[in-house]
Structure formats: C-alpha cells, structure tokens
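Notes for the one structure printed next.
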Protein chains: 2
Amino acid sequence: MLTDRQLLILQVIIDDFIRSAQPVGSRSLSKKEEITFSSATIRNEMADLEDLGFLEKTHTSSGRVPSEKGYRYYVDHLLSPHTLKMHDIELVKSVFAEKIYELEKIVQKSAKILSELTSYTTIVLGPGVLENKLRRLQIVPLNKETAIAIIVTDTGHVENKMITIPPSVDVNEIEKMVNILNEQLIGVPLVELTDKIYREVAFLLSRHIKSYDEVIKILVQSLKLPGHEKMFFGGKTNMLQQPEFHDIDKIRTLLSMIDHEKGMFDLLEKSPAGIHVKIGRENQISAMENCSLITASYSIGEEKVGTIAILGPTRMQYSRVISLLDLFSHDLSSVLTRLYQNK
Amino acid sequence: MLTDRQLLILQVIIDDFIRSAQPVGSRSLSKKEEITFSSATIRNEMADLEDLGFLEKTHTSSGRVPSEKGYRYYVDHLLSPHTLKMHDIELVKSVFAEKIYELEKIVQKSAKILSELTSYTTIVLGPGVLENKLRRLQIVPLNKETAIAIIVTDTGHVENKMITIPPSVDVNEIEKMVNILNEQLIGVPLVELTDKIYREVAFLLSRHIKSYDEVIKILVQSLKLPGHEKMFFGGKTNMLQQPEFHDIDKIRTLLSMIDHEKGMFDLLEKSPAGIHVKIGRENQISAMENCSLITASYSIGEEKVGTIAILGPTRMQYSRVISLLDLFSHDLSSVLTRLYQNK
DNA sequence: GTTAGCACTCTTTGTTATTGAGTGCTAATT
DNA sequence: AATTAGCACTCAATAACAAAGAGTGCTAAC
C-alpha cells in the first residue's frame, strides 16, 4: 500500500527524529545521501504520509514527527538490524563472566548494565519462584508466640516469613511436622504445595501430630507465598536526560508511576515470551503516553521464568535496544539454564 | 548579640519563606500582626541581619531570603514547638497498630507514611543486624557444588547466602559442623561469631570434622555478613514537587544521589543518637546544597539500632518534621523494644 | 511525474518599554 | 536617639513588537 519511496522517506524521517529529537523538514531530508529527489517531492510525499496517519506536525508550518502509527509501522516493517559494537557485547558478557551464583544478584546487575548501555530505564521481573521446587522447609521458633518459616527452593531462592503460633501448639509438634513435611515435599513445585499437602500429607500429619487443626493452619500460613515476583530496576532517573521529559510534570507522573511497583508489575507480568514492543498509548497507561516499552522474556530450559523490559521515550532506539535485549535474554537464559536446570 | 527585634524579624522572615518560597520584603512583613514597626525600620534591621550573615538577597533590590547561617540560628534558637494535628498522630500510630511483626515491613511502612506526612523524602537505615544474636545457622545443599547458608537472628531477621563447596568436602561433614555450631553459638551476637569460632569452637571442630581446613573456609564464607544495613526509602520523587527543584539538572543530580545508595548510607551511618539537623552544605555533598537532612535514631532497649532521616529542601518545615520524627522514633523504639528485647 | 518558485505560517530570538515589588538613604518626626 | 515617611533607584518579570528562519502548500513550468 505504501510505495517504496514513501517507505524510504518514513524510515529516514524516523531515524533522523530518533537521533535528533527535532521535527524533520523536507529540505534537511533532501540533503541526505539516500534521498535522490527534491524537497518538493518530499513535501508531497510527507503530506500523503500524514494523511495516512504515519506522520504528524507540531504546528502548521513545522517539520514532521512520527506518530504512534508511524513508529508501529517502523518497528514492524522498517527496522534495519543493528550491529552491536564490540564494546557493548563485552559489557553484556561481563555480567555473566563473574562467578556470581546468586540469581538475584545476576538479575540486579543485569538491570544496571542494561540501563547504562541504553540510557533508558530497565525493569526486570522475576525470576518467578512459584515453579521452583521445594528444597527445604524450616520453622525456627523465636519465642513463645512467634517463629520464622523458611523455604529454600532448588534455585537457591530463600523465602522467609514470620508467623505467630497459638499458645495451644507445642513447639515440638511443629518440629515433628516440619520433619514429616521435608520428607514428603522435597521436589514439589511451590505452587502445588498447598494442594499436595491437603491431598497427600494431611492424612499423615493427622496421625502423628497432636493439635492437628491448629498446626495445619500455621502450615498454610507459612506457605502463603509472596503475591508476585520481585522487580529490579536500573537507571530509574535516566528518563530525566531525555529531552521529551524536560517538563517537570511529565517526569513526575512518569517517575511516580515507575515507583508505584504494582502498576509496573501488571504491565510486565502479562508480557508473553519473546521480544515485544509496546508503543505509547498501546501501554494503556496515561503516564506512559510518550513512552515505549520493549519486553523480552528469559527462561530456564524451556520454561519462561521472567521478563526484562526497557522503558524509553517513544523516540527510542528500537533497533539497538531490541538487539541488546535479544543478546541479553539469550545469555541470561543459557546461564540460568546451566546453573539451575540440571541437578 | 541579636536584639529581640532582630530575632523576631529573623523568625518571621524564615517562617514566611518556608511557607511561601518567595523572598520576603519589608512591606509585606510590616503588615503581619506580630510586627508593630514600620517597613523602614524593618529595612534597617534586615540590612543589619544581612551584614551579620543571617539573610541574603537574590538580587540588589529583592526581598530577603534566609542564608544557611540563618537557618542554623533558626533551628538552634528560634524554633517554635509544633503541635501535631490529631490526624498526623493517628497516621503515625497506624503504622504500629497493625499486628505486623516483621521488622522490615514495619520499617518500610514507616518510610512510606513519613514521606506522605511531610511530602519530603524519607530514608530509613537499619535496623542493624550485627548486634542481633544468632538463633539458628543452617546450610542447605543445593547440588554437588553449591549450598545456601541461612542465618536466623533473635529479631527474626533472615540472612542467606549462596556458597560454593569444594569437591573435597563431604556434605555430611557440613551437616555435622552445622549441628556443632548451633549447639555452641546460639545467642552469640553476629559480630562476635567469627571471633568466637576461632577462639572456642575451632578446637571442637578440629576434633570432630574430617576436612577441617576446607570446612572452616566455607564457614567463614557463609558468615561473612552484609557490609551494611539495609536502607528503605519513601517518597523518592517528592522533591520534584518542591519549587526549588523545578530545574531538571538539580533534580537529576539529587535523585541520582538518592539512588546511589552508598553515598546515602555514609551520610546516615555516622549520625549519632537523638535528633539532628544538617543544613545545606553542612552535609558536605554538593548535590545536597539546597537540602537539609534531619536524622533521628531509634533503638531496642538502650541500644541504637537504626536511623530515620527526612531529606527536604533547606526551606523545610523544620519544626513539624522534628516533631514528627520525635514522635515516630519514640514509638518505633518502644514497639521494637517490646517485640524484641524480652525473650 | 517531478521540481522550481513563491506566498504564507509559525516558532524562535532579540529588542524595547512598562510595571511593580523591593531597596537604601536622607530628612523629618517623635 | 530611635523611628519613620518619602523618594530615587534597581532589577525581575511581563508584554508588545520586529526580524529571522525553517518549514509548508500550491501553482506552474519542466
């Protein structure tokens, strides 16, 4: 539906605007190497592209600026593959070069490096813990009324939670229960724990444990898992450098959105496997009107366990960020798979 | 050295400027109830106060603005005690009303509420974990090479750390060691652990444990505690609302300073017990030139375990913030003392 | 179909004038 | 001797205006 020339013009305009953040005029376009026709021709084409909704003007006699539809088309059809610099690749690899085994640390460092490489904001979700398998359950009494329940998963993740013990329950009973549970439940994915307890272990417990009713309550209480995975941020304030956010009000709503973790979580959680680009209002959040979000998933083996996202202005270096995320999510996945899959 | 009238004028100017953020002129001052003398008199006094370094002008014919020295004097000598509104007190109490026992949650919620009450930024440091006493040490093997070391303290705090196990070491040996250690070390403050191990337990271990040298290495590795206490933030973006930070560059340096936790930590860590006010450059950090930091300590029993701080513009509501912090640190201390001291 | 040419639009920048809140100083008043 | 009224002066902020420049759309020529 678009002619080759229109595509070329659209692409060059968007490339130029991404670089300069300034509306692009016909005259400056006509000077580019790729462009062999006159500014008048470009003007005509630009008018057509505007009618079609790919470009916009900031005022009647201004140069053109890509619309959301324009970016969408650009991302879907015009993206020229970006070759990463050696330096970039090395930095990415450096995250995985050190012998860090703690998953959270890897993830946190990832967020930091990615935000430095892009000068946008990085958000990493997960790795999810619900699919992890139980390695050890421990209940450590602190005093008469309280105890700490600790869950260790096969990925080395530790969850802990303070619980209250009703006075009727004997500490020894709890210890007994914990022993039984460890025997029965090791290797069971955390999501299935409660279910499995009711189906298979409850019977066993009822035979060996005195105040069964009370104890089972504590158990369920301590297995109640964190509602959602952890999020890690990098470069939260990077958006302040972007010229489109030189307005205090915009930056305030954006930053407080970023800090309001729940909303961010909802946004990332539903992102599917693979790399995806959401442009401006496609994100359904008014604070993100001028932002794009690129998400990539990472996995252990075949199973998706988390999401990496880069938040930038709609005027984002899509090509570069996609290449980086692609490299990164693959490397992260393979490291995690190597570390945590075969046990 | 200052006359009563000068003190009055200084106080009224600072109060007014804190409220309005606008330079205060002689005419508007003369209209205040407290002021019974003419604008000309005020002008003369203001000139004197400026000569003494308590006031400044933004330009030759502008009204006066407090200098850092002015704020200092105001905080030290002129602060009128602020009576908190019922509503404020209720909000503070609400943090402690719920039956939350997890220390970190209490602290986190505190940061949030305080930032909402003040519309400044809240930073909470601690509670320190080094003085806590060991309740349980646990090492959970994940696979041949790695294991998770878990430390539970008497305050219910859980630290965990991934460690690598050299191939020469038998998992059973580790288990044996952990049992010995739990017998010997429960109740010992975390800071003293390593010391105590070398002094008293090493001998015991060397008798019972085969590959003693290797095992002790793992042990020390797993007891290496986090270099410093955790920090919690509230209202990180609140400073964006302050008119003195309507400048993008200022806000950027400030926010990135806040996000750079190390620097913040250094700032808070050395703050002594009680409530203290650091004004502007007294903080020794250029990004905080226009900021004041009010710190308060909180404690378990008699022992200081952490710091609450409020970061605001130098044009801060000192009186109100001090009252809030005072109330807060006392309440927090008494709750913590009740929960964690008597065991 | 393309492009040169031109009138027109709108932002940006700079200049100038005006206003108003404020000061400092002097002289009059208490 | 301290206070205050009065006045000349300063400076930021605002508005009004002009000029420049980058851009457009349209028409007519190529």
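Just so you know, all these numbers are worked out from the coordinates, no wet-lab data involved. Quick caveat, the model's predicted, so the values are computed rather than measured. Using ideal geometry, Cβ is built from the backbone for each residue, glycine included, and neighbour counts are taken over all protein chains shown.
Which length gain, in nm to one decimal place, applies between residue B:56 and residue B:302 when the Cα-Cα distance is subtracted from 0.36 nm times their residue separation? Spell out each step's value before the answer.
Working: separation 246, 0.36 × 246 = 88.56 nm, distance 4.28 nm.
That works out to 84.3 nm of additional length.
Rounded to the nearest 0.05, what FRET efficiency is calculated for residue B:186 and residue B:207 with R0 set to 25 Å and r the Cβ-Cβ distance? Kindly include the intermediate steps, with their values, before the conclusion.
Values: r = 20 Å, r/R0 = 0.81.
It comes to 0.80.
With a 10 Å Cβ neighbour count serving as the proxy for reagent exposure, in which order, fewest first, do B:162, A:1, A:316 appear? Walk me through the intermediate numbers first.
Numbers: B:162 20, A:1 4, A:316 24.
Arranged by neighbour count, lowest to highest, B:162, A:1, A:316 become A:1, B:162, A:316.
So how far, in whole Å, is the C-alpha centre of segment A:21-40 from the one of segment B:213-280?
What the calculation gives is 49 Å, centre to centre.
How long is the gain from residue B:43 to residue B:286 if the chain were fully straight, where each residue apart is worth 0.36 nm and the alpha carbon distance is subtracted?
Numbers: separation 243, 0.36 × 243 = 87.48 nm, distance 3.25 nm.
Separation in residues times 0.36 nm, less the Cα-Cα distance, equals 84.2 nm.
Cα centroids of segment B:179-198 and segment A:68-125: how far apart, whole angstrom?
Centre-to-centre (Cα) distance: 43 Å.
For residue B:300, list long-range residues whose amide hydrogen, built 1.01 Å from N in the peptide plane, is under 5 Å from its own amide hydrogen.
B:305
Would you mind ranking B:19, A:64, A:315 so that the residue whose beta carbon has the fewest other beta carbons within 10 Å leads the list? Before the final figure, lay out the partial values.
Values: B:19 11, A:64 28, A:315 21.
Placing the least packed residue first, the sequence is B:19, A:315, A:64.
Among the aspartates and glutamates, select those whose C-alpha is under 13 Å from the C-alpha of residue B:262, and discard any that sit fewer than 8 residues away in the same chain.
B:229
Could you tell me which of rounded, prolate or oblate describes segment A:4-78, using a ≥ b ≥ c as the square roots of the eigenvalues of the alpha-carbon gyration tensor, with rounded for a/c under 1.5 and, failing that, prolate when a/b is larger than b/c and oblate otherwise? Mind showing how you got there, number by number?
Details: a/c = 1.30, a/b = 1.14, b/c = 1.14.
Verdict is rounded for segment A:4-78.
Calculate the spin-label point distance for residue B:171 paired with residue B:220, positioning each point 7 Å from the Cα along the beta-carbon direction, and give it in nanometres.
Each label point is offset 7 Å from its Cα along the Cβ direction, giving 2.6 nm.
Among A:24, B:140, what is the fewest-to-most ranking by other Cβ atoms within 10 Å?
Working: A:24 25, B:140 20.
Taking fewest neighbouring Cβ atoms as first place, the list is B:140, A:24.
Cα gyration tensor of segment A:263-321, axes a ≥ b ≥ c as square roots of the eigenvalues: rounded (a/c below 1.5), prolate (a/b > b/c) or oblate? Write out the running numbers ahead of the final one.
Numbers: a/c = 2.93, a/b = 1.57, b/c = 1.86.
Oblate is the answer for segment A:263-321, as a/c is 1.5 or above yet b/c matches or exceeds a/b.
List the distances, in nm to one decimal, from the label point of residue B:130 to the label points of the same position in every other copy, shortest first, placing each label point 7 Å from Cα along the Cα-to-Cβ direction.
Reported distances to equivalent positions: 4.1 nm.
Inter-copy label distances at residue A:187, 7 Å along the Cα→beta-carbon direction, one decimal in nm, shortest first?
So the distances to the same position in the other copies read 4.1 nm.
Which whole-Hz couplings ³J(HN,Hα) result when phi for each residue of segment A:50-56 is put into the Karplus expression 6.51 cos²θ - 1.76 cosθ + 1.60, θ = phi - 60°, listed in order with x for Gly and Pro?
Rounded to whole hertz, the list is 5, 4, 6, x, 8, 10, 9.
Based on the alpha carbon coordinates of chain A, what radius of gyration and maximum Cα-Cα distance (Dmax) apply, in Å?
26.4, 90
Along Cα→Cβ at 7 Å, what distances in nm separate the residue B:19 label point from those on the other copies, shortest first?
Spelled out, the distances from residue B:19's label point are 5.6 nm.
Average partner chain C-beta neighbours within 10 Å, per residue of A:143-153? Intermediate values should be presented prior to the final figure.
On the way: counts 7, 1, 1, 5, 2, 11, 1, 8, 0, 8, 3.
Taking the mean over all residues of the peptide, I get 4.
Compute the convex hull volume of the Cα atoms of the protein assembly as shown, divide it by the residue count, and report the result per residue in Å³ as a whole number. Show your work: numbers first, answer last.
Numbers: hull volume 144.2 nm³, N = 686.
Measuring per residue, one finds 210 Å³ for the Cα hull of the protein assembly as shown.
Give me the number: length gained by fully extending residue A:85 to residue A:198, i.e. 0.36 nm times residue separation minus the C-alpha to C-alpha distance, one decimal in nm.
Details: separation 113, 0.36 × 113 = 40.68 nm, distance 5.51 nm.
Result: 35.2 nm gained on full extension.
Along each principal axis of its Cα atoms, how long is segment A:127-241 end to end? Whole angstroms, biggest number first, please.
Per principal axis, max minus min of the Cα coordinates gives 64, 29, 18 Å.
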